[in-house]
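The values are calculated or read from the model by the stated rules, or taken from the named source; none is laboratory data. Because the structure is predicted, anything quoted here is derived from the model rather than measured. Neighbour counts run over all protein chains shown; Cβ positions are idealised from the backbone, glycine included.
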Amino acid sequence: MQIVAKDVIAQCDALDGVEDGIIDNPDSCDYRPGALLCNKNAGDGLCLTASQVETVRKIFSPLYGTKGELLFPRYDPGAGFSGFAVLLFSGNLFTFAQDWARYGERWKEIIWVIGH
Ligand SMILES: [Ca+2]
């Protein structure tokens, strides 16, 4: 994801008037990852496949539900890809959400027993 982070900065850093490696107003950044697409001139793996470019495009695009409702605005350009992003983009459910789905009914029983 480092290649994407660098490209985001390259495209959007100067939009706030200062080239300092920080995107002060992510809403002004309409990041487009297409320039990272591998072609015959890309040599050292510093490019993305078409599928990866599409995934990155989706990460930086709003997510809408089946009825057109906004589910998630988008990942802010310049937010980086460590820490919380690892949880978001790992392909796995959050641990808490996963545990809630797995043990939620059991927790209700435990809470009921404690309360009575
Ligand atoms: Ca800046």
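Brief remarks on what is shown
- Scanning the stretch 14-36 for residues that are near the ligand (Cβ under 8 Å from one of its atoms), closer than 10 Å to residue 77 by Cβ and not in a loop (DSSP other than H, G, I, E, B) yields a single hit, 15.
- Residue satisfying all of: in the stretch 22-75; among the hydroxyl-bearing types (Ser, Thr, Tyr) and under 18 Å from the mean Cα position of the chain (by Cα); farthest from residue 1 (Cα to Cα) among these: 64
So that you can scan it fast, the table gives a plain yes or no per residue for (1) out of contact with any Pro (no Cβ under 6 Å at 6 or more places or on another chain); (2) among the acidic types (Asp, Glu); (3) modelled with pLDDT under 95:
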| site | (1), (2), (3) |
| --- | --- |
| 35 | yes, no, yes |
| 41 | yes, no, yes |
| 56 | no, no, yes |
| 69 | yes, yes, yes |
| 76 | no, yes, yes |
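Listed here are the residues, each with its yes/no results for (1) over 18 Å from residue 12 (Cβ atoms); (2) touching a His at 6+ places or on another chain (Cβ under 7 Å); (3) free of Cβ contacts under 8 Å to residues at least 24 places away in the same chain.
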position	(1), (2), (3)
35	no, no, no
57	no, no, no
66	yes, no, yes
73	no, no, yes
80	no, no, no
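- Given (1) away from the ligand (no atom under 11 Å from the Cβ); (2) surrounded by 13 or more Cβ atoms within 10 Å (Cβ to Cβ); (3) in a loop (DSSP other than H, G, I, E, B), number of the condition residue 39 does not satisfy: (2)
- Identity of the residue in the stretch 1-13, more than 16 Å from the ligand (Cβ to nearest atom) and part of a helix (DSSP H, G or I), that ends up farthest from residue 84 (Cα to Cα): 3
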